[in-house]
Each structure stands twice: as C-alpha cells, then as structure tokens.
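Asks: Below you'll find the structure I mean.
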Amino acid sequence: MLKVDFHIHTGDDPIDRIPYSTHQLIDRAAALGYDALAITLHDYQLDVQPLAASAAERGVVLIPGIERTIEGRHVLLLNFPGAAVADVRTFDDVRRLRQDYRGLVIAPHPYFPGLHSLFGALNQHADIFDAVERNAMYTASLDFNRPAEQWAHAHDKPVVGNGDVHRLEQLDTTYTLVDAERDPAAICAAVAAGRVRLVTRPLTWGTAVRLVTVILASPLVLGPRSTQPAEATV
C-alpha cells in the first residue's frame, strides 16, 4: 500500500501565500514515509517533471494536479495534461476531459463552509467525480466531512484522505493508503477502482484554531501577491 496525499499547495501557488517551497514539501513528505504526492495549486498546474527525479531519489512519486475553479467551485483534477486542464472552466468541460484522457477527479471539501465548496453541485454533477475527499481540517466535535462521507457511501464512491496542506505540519494527520504500483496513472486508476484505505485522526481544537488563524492571516504577514493568478499550464 502506498501512502499518498492528493491535495497539497506549495509556495508556487498563484493565489494562496504558502511559506515553503515544493522542494521543502518533498523533503518533509519523504521523512514522513509518503510514497506519492499530488501538488494541486489553485488554477495553475505545476510542471512536476523537473522535480520528478529528485523526488524519486527520496522515494516520492509526483502526480500532476490542479485545484481548478469550475463554475466557481473547486475540483481536483489529477494526472491530466496541463494544456488540457487550462481549457477546463465548466462541469461539461470536465466531462469532455474525462472522455479524452485518463485521470482522476476528486471532490475536495465539498460541504465545508466557503464560497468555493461544491455543495449542491456535487449532486448535480455526481457522474464526473471518481472520489470524495475527507479533509484533514476537522476536530472530534466539529466535522464538515460527515455529509461528504454519507454522500460517497450513497453514490458508491471511494473516500480519500487529504491534508489540503497549506502548512507542513498539516501533513500526516489524514492521508490515503492506495493499493497500486508506484506510478501516477496506476495510483489514479486504483483510487477510481476503490482500492484505498483512509487513515485519519482529528485535530485538537487548539491546533485547528491555530492553523486556521495562521493560514487566514498569511496575506497580512507575507504580503499580497504582486501578480495575478496564472492560468493552468503544462
């Protein structure tokens, strides 16, 4: 079984202010025993090929990915060509993408409070999603993942554990074990087939409040972005 996180942001993100580099992420993930990572920046697909060899030396497979804004909602698109995801703006575009290429579509934090969560769009477009995310940002007494897991069970979709990582300390409380070969396409196919096991534990209230505070305050601490968010690229 491979230890994987499918939802991670790094300092290359064009929207969120992330205080660590992709190299630092890989080093930390390798130290924690991760076998594969999907780097999913907002509306920008990082070219992971230049990083693949050094990551492989640390035992980590990199999966190309993006957290794409689709009709105002966030969707994780994994292992699709960068040029193809650059043209995806509607849910019908996602359907065409799935017809043309083999990849993986995950519903991230679908019922978390926020403008970009899927909510009703998850039902309306259930056919395009291969899996549903259990997001690591929860406590034992406050868990917005529960309706997502109920939805996944009702629609026979696998649940994957993701950190939605914005700080390195978020790694390793929630992740996915995948029964697959060490290859991006094989990992994505195994998830779609349901060959996964969720590993998760709740955050303490103190940790959750601190993480939310530092993430929301990061534009004030690190300063605003000087450029507009980039479009998805190869």
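Asks: Kindly indicate whether Y20 is assigned to a loop (DSSP other than H, G, I, E, B), crowded, with 18+ Cβ neighbours inside 10 Å, out of contact with any Cys (no Cβ under 8 Å at 6 or more places or on another chain) and not β-branched (V, I, T).
Replies: On the way: assigned to a loop (DSSP other than H, G, I, E, B): yes; crowded, with 18+ Cβ neighbours inside 10 Å: no; out of contact with any Cys (no Cβ under 8 Å at 6 or more places or on another chain): yes; not β-branched (V, I, T): yes.
For Y20, the condition - assigned to a loop (DSSP other than H, G, I, E, B), crowded, with 18+ Cβ neighbours inside 10 Å, out of contact with any Cys (no Cβ under 8 Å at 6 or more places or on another chain) and not β-branched (V, I, T) - is not met.
Asks: One residue is enough: does the stretch 24-31 have a residue meeting the conditions touching a helix residue (DSSP H, G or I) at 6+ places or on another chain (Cβ under 7 Å), acidic (D, E) and open to solvent by 20 Å² or more (accessible area, probe 1.4 Å)?
Replies: no
Asks: Determine which member of the set A208, A190, A148, A185 is in contact (Cβ under 8 Å) with a residue 40 or more places away in the chain, within 25 Å of D35 (Cα to Cα) and either open to solvent by 20 Å² or more (accessible area, probe 1.4 Å) or under 20 Å from the mean Cα position of the chain (by Cα) (or both). Before you say what the answer is, go through the steps one by one.
Replies: Values: A208 fails: within 25 Å of D35 (Cα to Cα); A190 fails: in contact (Cβ under 8 Å) with a residue 40 or more places away in the chain; A148 fails: within 25 Å of D35 (Cα to Cα).
Selected residue: A185, the only one of A208, A190, A148, A185 that is in contact (Cβ under 8 Å) with a residue 40 or more places away in the chain, within 25 Å of D35 (Cα to Cα) and either open to solvent by 20 Å² or more (accessible area, probe 1.4 Å) or under 20 Å from the mean Cα position of the chain (by Cα) (or both).
Asks: A further question on this structure: For R167, indicate whether it is at pLDDT 95 or above, closer than 23 Å to L41 by Cβ, of a type outside the set (G, A, S) and open to solvent by 20 Å² or more (accessible area, probe 1.4 Å).
Replies: Yes: the conditions hold for R167.
Asks: Would you confirm whether any residue within the stretch 61-78 is open to solvent by less than 70 Å² (accessible area, probe 1.4 Å), in contact with a helix residue (DSSP H, G or I) (Cβ under 8 Å, 6 or more places away or on another chain), in a strand (DSSP E or B) and not hydrophobic (A, V, I, L, M, F, W, C)?
Replies: Taking the stretch 61-78 as the starting set, the residues that turn out to be open to solvent by less than 70 Å² (accessible area, probe 1.4 Å) are 61-70, 72, 74-78.
Keeping just the survivors that are in contact with a helix residue (DSSP H, G or I) (Cβ under 8 Å, 6 or more places away or on another chain) gives 61-64, 66, 68, 70, 75, 77-78.
Still in the list and also in a strand (DSSP E or B): 61-64, 66, 68, 70, 75, 77-78.
The next check asks that each one be not hydrophobic (A, V, I, L, M, F, W, C); those that pass are 64, 68.
Yes, that holds for at least one residue.
Asks: Suppose we filter I26, I39 for residues that are out of contact with any Phe, Trp or Tyr (no Cβ under 7 Å at 6 or more places or on another chain), part of a helix (DSSP H, G or I), within 25 Å of A107 (Cα to Cα) and in contact (Cβ under 8 Å) with a residue 24 or more places away in the chain; which single one remains? Step through it out loud before you land on a result.
Replies: On the way: I39 fails: part of a helix (DSSP H, G or I).
None of the other options fit; the residue is I26.
Asks: Pairs please, first residue from the stretch 92-109 and closer than 19 Å to V191 by Cβ and touching a residue at least 60 places away in the same chain (Cβ under 8 Å), second anywhere and aliphatic (A, V, I, L, M) and in a helix (DSSP H, G or I), Cβ atoms under 7 Å, 6+ apart in sequence or on different chains.
Replies: R102/A185; L104/V191; L104/A192
Asks: Across the stretch 79-120, which residue is most open to solvent (accessible area, probe 1.4 Å) among those that are aromatic (F, W, Y) and touching a Phe, Trp or Tyr at 6+ places or on another chain (Cβ under 6 Å)? Full working, then the answer.
Replies: Of the residues in the stretch 79-120, the ones aromatic (F, W, Y) are 80, 91, 101, 111-112, 119.
In the following step, the residues that additionally are touching a Phe, Trp or Tyr at 6+ places or on another chain (Cβ under 6 Å) were identified as 80, 101, 111-112.
Numbers: F80: 6, Y101: 98, Y111: 49, F112: 27 Å².
In this case the residue turns out to be Y101.
Asks: May I pose another question? Suppose we filter the stretch 130-165 for residues that are in contact with a helix residue (DSSP H, G or I) (Cβ under 7 Å, 6 or more places away or on another chain), in a loop (DSSP other than H, G, I, E, B) and of a type in the set (A, V, I, L, M, F, W, C); how many remain?
Replies: Matching residues across the stretch 130-165 total 2.
Asks: Same structure, new question: If you scan the stretch 151-164, which residues turn out to be open to solvent by 10 Å² or more (accessible area, probe 1.4 Å), over 19 Å from L37 (Cβ atoms) and in contact with a strand residue (DSSP E or B) (Cβ under 9 Å, 6 or more places away or on another chain)? Before the answer, list the steps.
Replies: Residues of the stretch 151-164 open to solvent by 10 Å² or more (accessible area, probe 1.4 Å): 151, 153-159, 164.
Then drop every residue that is not over 19 Å from L37 (Cβ atoms), which leaves 151, 153-157.
Residues satisfying the conditions are W151, H153, H155, K157.
The values are calculated or read from the model by the stated rules, or taken from the named source; none is laboratory data. Everything numeric here is computed off the predicted structure, so don't read it as measured data. FYI the Cβ positions are ideal-geometry reconstructions off the backbone, even for glycines, and counts take in every protein chain you see. We work out accessible area using only protein heavy atoms, side chains counted, and drop any ligands, DNA or RNA first. Shrake-Rupley method; radii C 1.70, N 1.55, O 1.52, S 1.80 Å.
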